[in-house]
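Worksheet for the structure shown next.
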Amino acid sequence: MDRKLVSAVAASPVINDGDMELFRALPTEARESVGPFVFLDHYRHQSRRGIGDKPHPHAGIEVISYLLDGGVEHRDSQGFRDTLGPGDAQYIRAGRGMLHAEQPAGGRHGLQLWTSLPPDRKLVEPTYASFRAADIPHVQLDGAIIDVVAGDVAGAVGPMILESRTTFAVAHIDAGATIRFEVADAPELAAYVLQGALDADGTRLPKGALAVFSDGEAVVLTTPEDAGPTLVAIVGGEPAQQPLYFSGPFVMDSPERLAQAERDFVSGKMGCLDGVPF
């Protein structure tokens, strides 16, 4: 059974100042989460100006970064250092809390996403991993290539393993193409338009649209002829366990845990990076 379009959510513009363009598709007033994903930022900037280039904490979540273009250096309070380039993906299990910083090498285009850790995994030890473009499956379809980072998409399984069932892939679709592919084990699923446009069940979805689909076995995506080459992020999986409490970079399942995360950061229990916390 093919998945059907249930709703379309427009990402909110956060920054658009001539150098940086940043849109937030999750959370919004219309939609808090899709699968375990509770945060989706899509950014593009021309200079070395970063978004998370200053040391900052995270707790209660898994952080996924995916670069379409550009490069970035990663450093964190656990001692991990890494450099990512185009097509690379990064995974941080923040758990009980850690600090990190990302310094762009120059202009950059990519995604940052958060998944909410299940309540019984909120306070696990932090960890880090990265996945090179060459190690990420690239599925060739008629009119498209799909890079599968996590989950089972189009018959390929991504190398990134998360704490919940998670689907994350990026599809590069030719103008005027229609593709159909299966997505396994993803009760909730959405497609975010990074570039170009989609035509889903007769609805045109421009750049910045998050198309939320019904449950099913396969997804059908069509790109209008006049849209040019289209980039789409496929996100979803097992629904995030409720309740969800947000406070900046922390996502917890109770006010008490949220307050504890804030105390742990201020007291230095999440570690230190470049003198932060002071």
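With a sphere of radius 11 Å drawn around the Cβ of residue 130, what net charge do the other residues whose Cβ falls strictly inside it have (Lys, Arg +1; Asp, Glu -1)? Computed value for this residue: -1.
Applying D = kT/(6 pi eta Rh) to the chain, where Rh is the Kirkwood radius over alpha-carbon pairs, T corresponds to 10 °C and eta to 1.306 mPa s, the Stokes-Einstein value obtained is 84 µm²/s. Close amide H pairs (under 5 Å, H built 1.01 Å from N) link residue 54 with 102, residues at least 5 positions away or on another chain. Rounded to whole numbers, the Karplus 3J(HN,Hα) couplings from phi for the stretch 82-91 are 7, 10, 10, x, x, x, 7, 10, 10, 10 Hz, using 6.51 cos²θ - 1.76 cosθ + 1.60 with θ = phi - 60°, and x at Gly and Pro. Annotation for residue 80 and residue 256: the two label points, set 7 Å from Cα along the Cα-Cβ direction, are 3.0 nm apart. A cut-off of 5 Å between modelled amide H atoms, ignoring neighbours fewer than 5 places along the same chain, links residue 164 with no other residue. Only helices enter this figure: runs of n ≥ 4 DSSP H residues, each worth -39500 (n - 2.57), summed and divided by the residues of the chain, yield -1500 deg cm²/dmol at 222 nm to the nearest 500. Ranking of 44, 204 by neighbouring Cβ atoms within 10 Å, starting from the fewest: 204, 44. Local charge sum around residue 238 (other residues, Cβ-Cβ under 11 Å, Lys/Arg +1, Asp/Glu -1)? Here the count lands on -2.
Computed from backbone phi with θ = phi - 60° and the Karplus coefficients 6.51, -1.76 and 1.60, the 3J(HN,Hα) list for the stretch 181-195 is 8, 8, 10, 8, 6, 9, x, 10, 8, 8, 10, 9, 7, 7, 7 Hz; x is used for glycine and proline. Compared with the dominant principal axis of the Cα atoms in the chain, helix 255-267 is inclined by about 60°.
By its C-alpha gyration tensor, with a ≥ b ≥ c as the square roots of the eigenvalues, how is the stretch 75-164 shaped: rounded for a/c under 1.5, else prolate for a/b larger than b/c, else oblate? Verdict is oblate for the stretch 75-164. 3J(HN,Hα) along the stretch 246-254, derived from phi through the Karplus expression 6.51 cos²θ - 1.76 cosθ + 1.60 where θ = phi - 60°, amounts to 9, 8, x, x, 10, 10, 10, 9, 7 Hz, with x in place of Gly and Pro. Summing charges over neighbours of residue 20, with a neighbour being any other residue whose Cβ is under 9 Å away from its Cβ, gives -1 when K and R count +1 and D and E count -1.
Every number here is computed from the coordinates shown, using simple stated rules; none is lab data. As the structure is a prediction and not an experimental result, all values here were calculated from the model. Using ideal geometry, Cβ is built from the backbone for each residue, glycine included, and neighbour counts are taken over all protein chains shown.
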